[in-house]
1. Scan segment 118-138 residue by residue and report those that are open to solvent by less than 40 Å² (accessible area, probe 1.4 Å) and touching a residue at least 40 places away in the same chain (Cβ under 8 Å).
2. Scan the helices (runs of 4 or more DSSP H) fully inside segment 1-105 and keep the ones with 1 or more residues being open to solvent by 20 Å² or more (accessible area, probe 1.4 Å), over 25 Å from Thr128 (Cα atoms) and at pLDDT 95 or above.
3. Residue check, Val110 against (1) under 22 Å from Leu202 (Cα atoms); (2) modelled with pLDDT under 95, all met but one. Which one?
4. Is it the case, given these coordinates, that Leu143 is aliphatic (A, V, I, L, M), closer than 22 Å to Glu206 by Cα and surrounded by 20 or more Cβ atoms within 10 Å (Cβ to Cβ)?
5. Residues in segment 165-180 that are free of Cβ contacts under 8 Å to residues at least 40 places away in the same chain and either open to solvent by 10 Å² or more (accessible area, probe 1.4 Å) or of a type in the set (Asp, Glu) (or both): how many?
6. Within segment 209-218, is even one residue loosely packed, with under 14 Cβ neighbours inside 10 Å and part of a helix (DSSP H, G or I)?
7. Only one of these is under 20 Å from Ser66 (Cα atoms), free of Cβ contacts under 8 Å to residues at least 60 places away in the same chain and not in a helix (DSSP H, G or I): Leu115, Leu183. Name it.
8. Before we move on, is Gln135 more than 23 Å from Gln204 (Cβ to Cβ) and over 17 Å from the mean Cα position of the chain (by Cα)?
Amino acid sequence: MKKSILPLAMSLIAGLAVATPSFAAGQNGNQNQRIQTPTLTAQDSAELSYMREEEKLARDTYLSLSDYWYAHSGNLPVVTVMQNIAQAEQKHMDQVEAKLEHYGLPDPVVDENQLGGFVNPELASLYTELLTRGQKSPQDALLVGGLIEEVDIQDLQQAIQQTQQADLDRLYASLLCGSRNHLRAFASQVAATQGSYVAQVLPQTEVNAIIQSPHERCGGR
């Protein structure tokens, strides 16, 4: 979902990758000790910025589709599962935002409350495409959810492989855990009517390993 846009994002963020140092008082209170926040690479900075909007894409899509199907058909299973997962995606957005602030990086999300509002034009276009797909039927909406989570898993796995920052590793691992749980939820709903869930992006063996394993506790919770 992001291969073609990361180079551009990296070039835009490269000049902002150096975080501002902070100061803390020494033990005797007579002198300040400089504490330098580690500097992120341009690739790490671009990845973190992208993840913020990617989590928003998931949240916005789930909120919009849950509202759509509730208005058309009432409180269907797809409405409940998407409302619940949208709340988790908001927490993921907040986690990434906190990390951007920690490193002094700009937040690409201009207005959190604007559904479908993205700085990244490809994500904006993808949001529209996913809504069109998900409004065909409740089953299609569930498949859209599965697709989003599979792509998130793929992107987070790549992010973990490329970063050398331990704190980013922990963040991405927590988000990855959440995406596996979300995929389990969507796959379970699809299987309830279709008998099985067919992988859309990841290898079927990997998806089977995820959905056949139990729900995980993520981020120490």
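The values are calculated or read from the model by the stated rules, or taken from the named source; none is laboratory data. Since this is a predicted model, take the numbers as computed values, not measurements. Virtual Cβ from ideal backbone geometry, glycine too; neighbours counted across all protein chains shown. Quick note on the areas: whole protein, heavy atoms, side chains included, nothing else; ligands and nucleic acids left out. Shrake-Rupley method; radii C 1.70, N 1.55, O 1.52, S 1.80 Å.
1. Phe118, Asn120, Leu123, Leu126, Tyr127, Leu130, Leu131, Gly134
2. 42-73, 77-102
3. For Val110, the exception is condition (1).
4. Spelling it out, Leu143 is indeed aliphatic (A, V, I, L, M), closer than 22 Å to Glu206 by Cα and surrounded by 20 or more Cβ atoms within 10 Å (Cβ to Cβ).
5. Adding up the residues that qualify gives 6.
6. yes
7. It is Leu115.
8. Here the answer is yes, as Gln135 does meet what is asked.
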